[in-house]
Amino acid sequence: GGERLDQQLPGGHPGRGGRRGGNLGRLRGARGLRGGEEAGQVVAHAAGARPLQPGALLRGGGHLRIRRDRPLQDLGPHVGDEEPAGAEHAAGEHVLEDLEPRQEEEIEGEEASRSSKKRLEREKARRDAAADLSEDLSDGEKGEHINESSIHAESTRGHMPRIGSTDAIDVWANHIHGLIRGENMELGRDSDTGGQVKYVVELARALGETPGVYRVDLLTRQISAPDVDWSYGEPTEMLSPRNSENLGDDMGESSGAYIVRIPFGPREKYIPKEQLWPHIQEFVDGALVHIMQMSKVLGEQVGNGQPVWPVVIHGHYADAGDSAALLSGALNVPMVFTGHSLGRDKLEQLLKQGRQTRDEIDATYKIMRRIEAEELCLDASEIVITSTRQEIDKQWGLYNGFDVIMERKLRARIKRGVSCYGREMPRMIPIPPGMEFSHIVPHDVDLDSEEANEVGSDSPDPPVWADIMRFFSNPRKPMILALARPDPKKNITTLVKAFGEHHELRNLANLTLIMGNRDVIDEMSSTNGAVLTSVLKLIDKYDLYGQVAYPKHHKQSEVPDIYRLAARTKGVFINCAYIEPFGLTLIEAAAYGLPMVATQNGGPVDIHRVLDNGILVDPHNQNDIAEALYRLVSDKQLWAKCRQNGLDNIHRFSWPEHCKNYLSRVGTLKSRHPQWQKSDDATEVSETDSPGDSLRDIHDISLNLKISLDSEKSGSMSKYGRSSTS
């Protein structure tokens with residue numbers, strides 16, 4: 001935004017700026033500057049005069065920046081020809097005087113002519129911008145664009161024929177908190193090991209299977225604590241491919257997807273993510289060592305002796321994004337970022353709840369440090385991957401480093417070859433997460449037969465079915481399934497209240513709450529323990545015994561069986577979180593034939609737009625939740641329609657589709673490599689050309705500068721000393 005003129009000059013009123021770049025200052029003798037809703041609509045009112053016309057407006061969506069140290073005429077072509085007569089242009093003072101008197105008819109005629117011309121120019125600019133921005137529309141907003149696909153195909157063939165197959169790797173400075181492993185993930189164990197963990201592991205695995213990608217490294221924290229499994233202390237873990245038939249013949253010795261665990265922070269202690277911030281630099285140091293070693297190894301294998309550097313470094317969540325920004329700067333490699341959930345949005349939600357002050361929130365969640373890291377990611381990233389369009393419009397728009405309208409205008413100006421005057425923003429691209437569907441076979445359901453609600457079959461039932469069904473007095477009833485950890489933002493208590501107070505729903509259905517894994521409630525975190533205790537008290541309050549299941553344990557491998565059980569009983573899946581960044585469980589449930597009831601805040605809106613397999617609700621309205629559930633379990637035709645819609649459209653959320661979209665975007669980034677590596681024809685890279693040498697050079701320069709300044713200072717003191725004594 002523009003720089004603010006803090007001095008209130010005589011006769012003026014404070015100017016009012018728009019959301020970005022609107023603090024245009026206070027002008028002497030003027031009634032104020034008003035920043036319009038669109039960048040560039042700036043109206044200056046001189047005392048007793050009519051508004052300045054389009055000659056004084058910004059063109060192409062720019063920003064007027066009035067600086068104390070810069071004359072007004074130096075603003076270049078943005079300032080129109082008609083300036084107020086007698087305007088002062090001295091540096092440090094800008095004054096708009098009254099216009100010379102004119103005939104009223106003549107002024108009105110000129111105004112009408114200029115307004116008409118301005119309107120035509122604006123309409124043309126909008127059409128051009130719409131054409132330029134059409135490629136950013138999500139699947140829900142626009143169908144497949146044939147021309148765009150061909151453009152991406154040409155781009156991929158021209159710049160990245162097989163990404164990483166001979167000269168590139170993808171390194172993920174990724175999700176450095178939580179417990180990450182390839183199999184039997186302990187999702188729900190704590191607030192740091194949730195759906196994000198599964199997302200990043202499956203994405204790394206899927207990219208490793210994609211033709212053209214040679215290697216994917218998922219960097220995380222090495223944990224050798226006695227209270228966690230030994231597997232989290234293994235330095236390296238290879239992610240086994242789900243579909244080996246997709247792998248080509250060019251698979252090399254070090255190809256594939258790997259989890260690489262970097263030791264940092266307390267060596268034998270598993271700590272929450274809020275306590276990891278002081279150790280980010282230590283992680284970056286270890287990651288740099290790994291990347292440089294792997295670049296040499298891959299260079300020997302597939303790079304003809306030359307180091308093979310990452311194509312992109314992708315940070316997931318704020319802490320890993322912070323480290324990815326540092327790695328990107330050190331290695332001169334493009335950075336991509338995914339926030340998953342954002343600090344400013346969480347801060348707003350917590351303040352609305354009114355349970356904690358801003359200082360208490362910061363002390364608990366280190367929220368300001370997180371927001372600082374997210375702002376850094378906006379500055380360092382070339383692309384920001386989001387799951388939904390809502391995340392771009394409603395969440396990233398809260399940040400100083402991003403503005404939805406300005407980002408689109410800057411991109412449109414770049415494509416038309418118009419200067420942006422040094423202003424840059426990352427490109428926001430919504431790509432929904434994927435899922436592996438090849439192993440899923442939904443069961444057929446006979447809507448006219450009551451036997452469809454029988455859970456028995458010729459094959460033995462999975463053990464987890466018995467763990468759930470033992471809670472119910474009538475297991476034939478449709479199952480309402482919620483799969484979420486006991487976190488306040490997941491809104492589980494409102495779901496139990498909605499179920500308990502709707503007697504028709506209670507008579508028609510059962511409720512199953514899969515709330516992670518627990519041994520003793522008192523040993524859980526204070527927030528998770530409080531939620532679980534509230535749920536148990538509500539079950540007792542509404543006397544829901546025999547109608548609600550809340551098993552203590554389940555394995556990640558048993559989750560598909562839980563979905564199958566709910567679908568077998570003609571049940572419904574619900575996610576009523578206050579806000580859901582995406583909602584991967586909604587896609588999983590749809591793949592098994594479960595209709596959904598989901599929150600209207602966040603990613604489920606985009607999922608529902610594509611799948612059309614359920615009902616969106618206000619998570620704060622328990623009656624809304626109960627009525628939506630009752631409609632789906634009581635109306636067989638509606639249930640069948642939602643089920644079939646989900647099954648018909650679920651392929652749009654597959655991992656191959658996600659990877660194709662992802663690689664087409666990454667392929668547009670300009671390939672870069674470390675600047676300290678010589679780019680001449682030398683066959684060997686000198687061992688002296690290292691980041692350490694660059695740092696030593698900077699240190700030497702700083703030391704020489706300090707010595708020089710000290711010498712000048714001592715010389716000046718000696719001079720003054722001699723003059724004072726003479």
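Put simply, the amide H of residue 262, placed in the peptide plane, has neighbours under 5 Å in 220, 221, 222, leaving out anything fewer than 5 places away on its chain.
The value for the stretch 169-430 of Rg(Cα) / (2.2 N^0.38 Å) is 1.04.
Amide H contacts for residue 386 (H built 1.01 Å from N in the peptide plane; partners 5 or more residues away or on another chain; cut-off under 5 Å): 429, 431.
Compute the FRET efficiency between residue 183 and residue 675 as 1/(1 + (r/R0)^6), taking r as their Cβ-Cβ distance and R0 = 56 Å, and round to the nearest 0.05.
Values: r = 40 Å, r/R0 = 0.71.
Efficiency for this residue pair is about 0.90.
Just to confirm the filter: which chymotrypsin sites (Phe, Trp or Tyr not before Pro) across the stretch 387-427 are DSSP coil and have at most 13 other Cβ within 10 angstrom of their Cβ?
Loop-located and lightly packed - 421.
For the stretch 169-430, what is the percent of antiparallel DSSP beta bridges, rounded to the nearest 5? Intermediate results must be reported in sequence, preceding the final value.
Details: 4 of 29 bridges.
Expressed as a percentage, antiparallel bridges in the stretch 169-430 total about 15.
By average Cβ neighbour count within 10 Å, what is the ranking of 560-571, 301-312 from highest down? Present the calculation step by step, with values, prior to reporting the outcome.
Numbers: 560-571: 22.6, 301-312: 20.0.
Highest to lowest by the protection proxy: 560-571, 301-312.
About the centre of its Cα atoms, the stretch 463-653 shows a dipole size close to 440 debye [charges on the beta carbon of Lys, Arg (+1) and Asp, Glu (-1) only; nearest 20 debye].
Which peptide among 179-192, 461-474 comes first, and what is the full order, when sorted by highest mean count of other Cβ atoms within 10 Å? It would help to have the intermediate numbers written out before the result.
Numbers: 179-192: 19.0, 461-474: 15.3.
The most tightly packed comes first, giving 179-192, 461-474.
The phi torsions of the stretch 505-522, fed into the Karplus equation with coefficients 6.51, -1.76 and 1.60 and a -60° offset, translate into couplings of 5, 4, 6, 9, 9, 10, 10, 10, 10, 9, 10, x, 10, 8, 10, 10, 4, 5 Hz, rounded to whole numbers, with Gly and Pro shown as x.
For the cross-link pairs 497/537; 489/641; 198/555; 198/273; 570/641, which exceed 19 Å when the distance is taken from alpha carbon to alpha carbon? Table pairs above 19 Å Cα-Cα are 489/641. Between the C-alpha center of the stretch 175-249 and that of the stretch 250-314 there is a gap of 13 Å. Taking the protein heavy atoms of the stretch 359-429 in the context of the full set of protein chains, the accessible area attributed to carbon and sulfur is 50 percent at 1.4 Å.
Of the trypsin sites (Lys or Arg not before Pro) found in the stretch 318-372, those that fall in a DSSP loop while having at most 14 other beta-carbon atoms within 10 Å are 355.
By the equivalent-ellipsoid construction on the alpha carbon gyration tensor, the stretch 463-653 comes out with semi-axes of 23, 18, 17 Å, ordered largest to smallest.
The values are calculated or read from the model by the stated rules, or taken from the named source; none is laboratory data. Note that the coordinates shown come from a computational prediction; the quantities given were computed from them, not determined experimentally. A quick note on method: Cβ atoms are made from the backbone with ideal geometry, for glycine too, and the neighbour counts reach across all protein chains shown. Heavy atoms of the whole protein, side chains included, go into the accessibility calculation; ligands, DNA and RNA do not. Shrake-Rupley method; radii C 1.70, N 1.55, O 1.52, S 1.80 Å.
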